[in-house]
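The structure appears right after this line, and notes come after that.
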Amino acid sequence: MDGAPWRTVPDEVVLRCRLAAGVELDRPLLRRLRHELQHADALQRAGRTLARRPLSEQRLEEHLERAALPADARRSAVTRLKASGLVDDAKLASGRAESLAKRGWGNSAIAARLAAEGFGDAEACAAIETLEPEIDRAASFVADVPDRRKAWTLLARRGFAHDSVETVLGTLDEGP
């Protein structure tokens, strides 16, 4: 500004605003520059966040909202990251469901956890459908539990459906 360095601007912003040496920064151009810088900041923040940990589209949007970025900048960043494949709710939900299933959780617990992590019902249902059947998971999870009552309690606490538990262990009214 006035011959002295003022600010470093990302190349993409320079190109979008058509900045060059000697271009006068009038109000409309400054507004456009601010707008483009907000979009670049949102994309940069989202990229740094995803580098640490994959997030659902909803969680990423919430993270950018907490950073007080404008809604259009947040939406633009998330849209661009989805288009590039870095935000893929279906893939992430499927991987998360698989991980939870391997750790001994039932379908209802997995669905609740996926909902809490910002996945929609469609993604959660699709992810659960790809898992090994709940009955098989329940049977292998309690295979080493000798007491049927404890096995029943364990499966119920871990979100296995009542029907799956009964299929694996029988009813509690039945004898040992």
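Applying the selection to region 77-95, what residues are out of contact with any Ser or Thr (no Cβ under 9 Å at 6 or more places or on another chain) and open to solvent by 40 Å² or more (accessible area, probe 1.4 Å)?
Here is the first cut: in region 77-95, the residues out of contact with any Ser or Thr (no Cβ under 9 Å at 6 or more places or on another chain) are 77-86, 88, 90-91, 95.
Listed by number, the residues that qualify are Thr79, Arg80, Lys82, Ala83, Ser84, Gly85, Leu86, Asp88, Ala90, Lys91, Gly95.
Scanning region 112-129 for residues that are among the small types (Gly, Ala, Ser) and crowded, with 21+ Cβ neighbours inside 10 Å gives Ala124, Ala127. Taking every residue in region 8-33 that is within 17 Å of Asp72 (Cβ to Cβ) and pairing it with any residue that is open to solvent by 60 Å² or more (accessible area, probe 1.4 Å) and at pLDDT 75 or above, at least 6 positions away or on another chain, the pairs with Cβ-Cβ distances below 7 Å are Cys17/Arg32. Tell me which residues, restricted to region 38-68, are crowded, with 17+ Cβ neighbours inside 10 Å and more than 23 Å from Ala116 (Cα to Cα). Selection gives Gln38, His39, Ala40, Asp41, Ala42, Leu43.
The rows are residues; the columns are (1) acidic (Asp, Glu); (2) under 23 Å from Glu57 (Cβ atoms).
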residue: Ile110; (1), (2): no, yes
residue: Ala116; (1), (2): no, yes
residue: Phe119; (1), (2): no, yes
residue: Glu123; (1), (2): yes, yes
residue: Ala138; (1), (2): no, no
residue: Val142; (1), (2): no, no
residue: Arg148; (1), (2): no, no
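The values are calculated or read from the model by the stated rules, or taken from the named source; none is laboratory data. Note that the structure is predicted; figures quoted are calculated from it, not measured. Heads up, the Cβs are rebuilt from the backbone with ideal geometry, glycines too, and the neighbour counts pull from every protein chain shown. The area values use the complete protein model at the heavy-atom level, side chains included, leaving out ligands, DNA and RNA. Shrake-Rupley method; radii C 1.70, N 1.55, O 1.52, S 1.80 Å.
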